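Working notes for the structure below.
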Amino acid sequence: MLYDSDYHSLADEDSPLLCKHGYVPAKFVEFEGRNAGRRFLRCQGHRAMMQGKSCGVVKWVDLEWPKSMQKTLDKLWDMTVELRESIVISLLDSVEMKLWDPADTTKLNRYLRRVQDKVSKVEKERDVAFSLKAKAEQELTRARNDIHQAKVLQFTTTSIDKCMRINAEKQLKLCKEDAKRKE
């Protein structure tokens, strides 16, 4: 959210629009992300906001930006976040370099060993996960084959039953015809 002197106050007092807490919403302008620059009305119940139970956006005043502009704004905000992170990391690195005593490598060695232990633990867990995945895929393949064989067997059994029924009906019909001829 951004303070905008041209658009920052309570919504019209006579407006029927209220948040779920029963307050007249406040006017704000979105500052970040794909909605940057859009005006909106938001819950301004101070007690609710202090408890983290704000209604959030009650109503957008401006129409949604075109998709191409939303993508551009998303990309710009991603670049801004990356830039902030790189600045923070470089500042931390410079502070660490000033605080680090090259003669005292024991802390660095301990930290390096902890990182190596964590990496090896993650690699072991990854290997276990891959082997479990491979076993699950094998079982799934077996189950699919079993289902396919059961369907083929069912189809074959059904076909044999139909053929036997048809042959039996033909034999019965022939027997009846023979019986009529003999009479």
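Each reported figure results from applying straightforward, stated rules to the coordinates on display, with no laboratory input. The model shown is predicted, which means the values in this text are computed figures rather than measured ones. Neighbour counts run over all protein chains shown; Cβ positions are idealised from the backbone, glycine included.
Taking a spot 7 Å from the Cα of Gln138 along the direction of its beta carbon, which residues of segment 110-131 have an amide N less than 16 Å from it?
Once the point is set 7 Å along Cα→Cβ of Gln138, 128-131 turn out to lie under 16 Å by backbone N, inside segment 110-131.
How far apart, in nm, are two points set 7 Å out from the Cα along the Cα-to-Cβ line at Lys124 and at Glu85?
Once both label points are built, they end up 3.0 nm from each other.
Would you kindly give the portion of the calculated P(r) for segment 115-183 that falls above 20 Å, as a percent of all Cα pairs?
Percentage above 20 Å: 66.
For each of Leu73, Leu153, count neighbouring Cβ atoms within 10 Å of the residue's Cβ, then give the residues from fewest to most.
With the fewest neighbours first, Leu73, Leu153 line up as Leu153, Leu73.
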